[in-house]
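Data first, discussion second: the structure below is written as structure tokens.
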Amino acid sequence: MPVNKDAYQILKSELEAKNISLVVVSKTKTVPEIKELYDSGQRDFGENYAQELVKKYEVLPKDIRWHFIGHLQGNKVKLIISFVQLIQSVDSLKLLREINKQAEKTNRVVNCLLQIHIAQEETKFGFDGNSLMEVFEDGLQDLKHVRINGLMGMASLTDEMDKVRKEFQSLKELFKRVQTKDCKLKTLSMGMSADYKIAIEEGSNMVRIGSLVFGERKN
Ligand SMILES: *Cc1c(COP(=O)(O)O)cnc(C)c1O
């Protein structure tokens, strides 16, 4: 399926008008497909698998800002640590410590979002409200090589938009709560192709969009 550049341009101007960051999710997409959107001006791309990200990083222009948005295994952190722009899917304190450790070795301070479990599906990784508060209360002191920029969450995959909206509202509430602990938190990454409009209504300032611009994925 060809890249839908019209959909991309429309989305881009819609988001720019509202000052919302767009991360184009390029998982499973080919290098030429990504390059097409790069040539249209897109610089922020998101990937779910470390090895796939590394392969694409190596051949695509170096001014792309790569976001990691999938479940990240501890032993894969070192593959991406030297170049990743933002790890959006930090789903445990253990992973955050590993990122800190690897970032220290490469002399970087790596930007991270903490992924919050807001959907009902059991398979979704992430912090809940209580474990999130614990991180801010006593988990961060020694971690000098990570910078927490905000939160990320995924709503349930459902047609029940009321439910999706409630989940986004709960994430926004948590975001406000953690901002009282750390006022530097700025990024609230929520919303994908099917639900980004609702996410924006509920306070998102970063959306992660794949199929809307790239066409449906086969998997
Ligand atoms: C795949 C994915 C997206 C994009 O999904 P689309 O429905 O294709 O827009 C966004 N966020 C995460 C974490 C994803 O895994």
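The values are calculated or read from the model by the stated rules, or taken from the named source; none is laboratory data. Note that the coordinates shown come from a computational prediction; the quantities given were computed from them, not determined experimentally. FYI the Cβ positions are ideal-geometry reconstructions off the backbone, even for glycines, and counts take in every protein chain you see. For accessibility, only protein heavy atoms count, side chains too; no ligands or nucleic acids. Shrake-Rupley method; radii C 1.70, N 1.55, O 1.52, S 1.80 Å.
Binning the C-alpha pair distances of the stretch 53-160 at 10 Å intervals from 0 yields a P(r) profile of 14, 45, 30, 10, 1 %, listed from the shortest bin outward. Taking amide H as placed 1.01 Å from N in the peptide plane, the amide H of SER193 sits under 5 Å from that of GLY210, SER211, LEU212, each at least 5 places away or on another chain. Here each label is just a point 7 Å from Cα along the line to Cβ, and for LYS186 and ALA7 those points are 3.0 nm apart. Of LEU22, LEU157, LEU113, the residue with the largest accessible area leads and the full order is LEU157, LEU22, LEU113 (1.4 Å probe). Computed from backbone phi, the HN-Hα couplings of the stretch 193-198 come to 3, 7, 9, 5, 5, 5 Hz, rounded to whole numbers (Karplus: 6.51 cos²θ - 1.76 cosθ + 1.60, θ = phi - 60°; Gly and Pro given as x). Computed from backbone phi with θ = phi - 60° and the Karplus coefficients 6.51, -1.76 and 1.60, the 3J(HN,Hα) list for the stretch 5-22 is 6, 5, 4, 4, 5, 5, 4, 4, 6, 4, 6, 4, 4, 9, 6, 10, 6, 10 Hz; x is used for glycine and proline. Annotation: amide H of PHE127 within the under-5 Å range of GLN115, ILE116, HIS117, sequence separation 5 or more or interchain, hydrogens built in the peptide plane. Taking the DSSP beta bridges with both ends in the chain, the antiparallel portion is around 0 percent.
With N counted as the residues of the chain, its alpha-carbon radius of gyration over 2.2 N^0.38 Å works out to 0.98.
Normalised per residue, the accessible area of the stretch 6-148 is 49 Å², obtained with a 1.4 Å probe and no contribution from ligands, DNA or RNA. Apolar share of the accessible surface for the chain: 48 percent from carbon plus sulfur atoms, 1.4 Å probe. For the chain, the 222 nm mean residue ellipticity estimated from helices alone, with every DSSP H stretch of n ≥ 4 adding -39500 (n - 2.57) and the total spread over all residues, rounds to -11500 deg cm²/dmol. Derived scalar couplings between HN and Hα for the stretch 174-182 equal 4, 4, 5, 5, 6, 5, 5, 8, 8 Hz in order, rounded to whole Hz, by the Karplus curve 6.51 cos²θ - 1.76 cosθ + 1.60 (θ = phi - 60°), x for Gly and Pro.
Volume of the convex hull of the stretch 15-82 (Cα atoms only), normalised per residue: 95 Å³.
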